[in-house]
Every structure is written in structure tokens, then in C-alpha cells.
Amino acid sequence: MSKTSVAFICTHNSCRSQIAEALGKKLAGDTFESYSAGTSIKDQINPDAVRLMKQHYGIDMLESGQKPKKITDLPNIDYVVTMGCGVRCPFLPAKKRVDWGLEDPTGQNDEIFMQVIKKIETKILDLKEELLEE
């Protein structure tokens, strides 16, 4: 049986969705495949996200090959998670859709940034549990 594919979507695919992809791979890679994408991408992942993920989780998002991607770059997806940025996604066929309603920490201090990262971590672990129960 193949793993569930989960896409984390936000506007620029530079911060929250990238963090979710990285944490999904690290914390739930045995349960689901993690992808991220945006509706209009930036040219790089947020440097604060890269730094804090490396510092607190030992995840080097750049070294692991993560980069901003458009929704059209995604494979077939089972589960779509929007990050809370009011993204009006083009229709992505999926079995389930949910919005996590997270504030964008871009430009904020490390404490606020880490609060958002910790919320994403909790939601990733909750999603893992939910998928294991299905």
C-alpha cells in the first residue's frame, strides 16, 4: 500500500509550507509523503526558516533539495493542507482538504517564528495520528 501524499500550500511557498514539508518528512515520513507548493512562488526559502529549522531540528532544507515550487509541480495529492494565508488555490483534486490558519512569521523575531514552527510541528504530529487511524 502506498503512503498518503500530503501537500502543504501557501502563497509563496517560502516559509510555512516549506517548514511543514521539512517537518513532515522528518516526523511523519513513515506515514505520509510531504510536498509543498505555492500559488506564486518566491525565488528562495525564507532565510530565517532555513536557519531556525537547522538550529532547532537539524534539518537543512536547502541541502535536502527543498526549493519553492508551484502547485503545477505537484504529483497527485491525497490530502491538501492550506497554511492560512487566504490562498485561493486552483482546484487540486484531493480526498481531503483542511486549512491550518497559521500566521506568516516572515519578518518577525525568532520567538514568534518558533511559535509558528512549534504549531506546525504539533499539527504534523496530529495529522500523522489521524492518518494512522484511517
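The values are calculated or read from the model by the stated rules, or taken from the named source; none is laboratory data. Since this is a predicted model, take the numbers as computed values, not measurements. For neighbour counting, all protein chains shown are included, and Cβ atoms are generated from backbone atoms with ideal geometry for every residue, glycine included. Just the protein is used for accessible areas: all its heavy atoms, side chains included, with ligands, DNA and RNA removed. Shrake-Rupley method; radii C 1.70, N 1.55, O 1.52, S 1.80 Å.
Quickly run through the stretch 39-48 and pick out the residues that are in contact (Cβ under 8 Å) with a residue 40 or more places away in the chain and within 21 Å of Ser5 (Cβ to Cβ).
Hit for the stretch 39-48 is Thr39, nothing else.
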Next on the checklist: Give me the residue from the stretch 97-112 that is in a helix (DSSP H, G or I) and not hydrophobic (A, V, I, L, M, F, W, C) and, out of that set, least open to solvent (accessible area, probe 1.4 Å).
Outcome noted: Asp110
Item to check | Filtered residues of the stretch 113-122 (kept if touching a Pro at 6+ places or on another chain (Cβ under 8 Å) and open to solvent by 60 Å² or more (accessible area, probe 1.4 Å)) | outcome: Gln115
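Could you please find all residues in the stretch 58-83 being assigned to a loop (DSSP other than H, G, I, E, B) and touching a residue at least 40 places away in the same chain (Cβ under 8 Å)? Please lay out each step first, then the result.
Just the residues of the stretch 58-83 that are assigned to a loop (DSSP other than H, G, I, E, B), to begin with: 58-69, 74-78, 83.
Matches in the stretch 58-83: Met61, Ser64, Gln66, Pro68, Lys69, Leu74, Pro75, Asn76, Ile77, Asp78, Met83.
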Checklist entry - Out of (1) within 12 Å of the chain's Cα centre (by Cα); (2) open to solvent by 30 Å² or more (accessible area, probe 1.4 Å); (3) not hydrophobic (A, V, I, L, M, F, W, C), what's the single condition that is false for Thr82? => result (2)
Item to check | Subset of the stretch 17-34 [surrounded by 22 or more Cβ atoms within 10 Å (Cβ to Cβ) and either under 11 Å from Val81 (Cα atoms) or without any contact (Cβ under 8 Å) to a residue 60 or more places away in the chain (or both)] | outcome: Ser17, Gln18, Ala20, Glu21, Ala22, Ser34
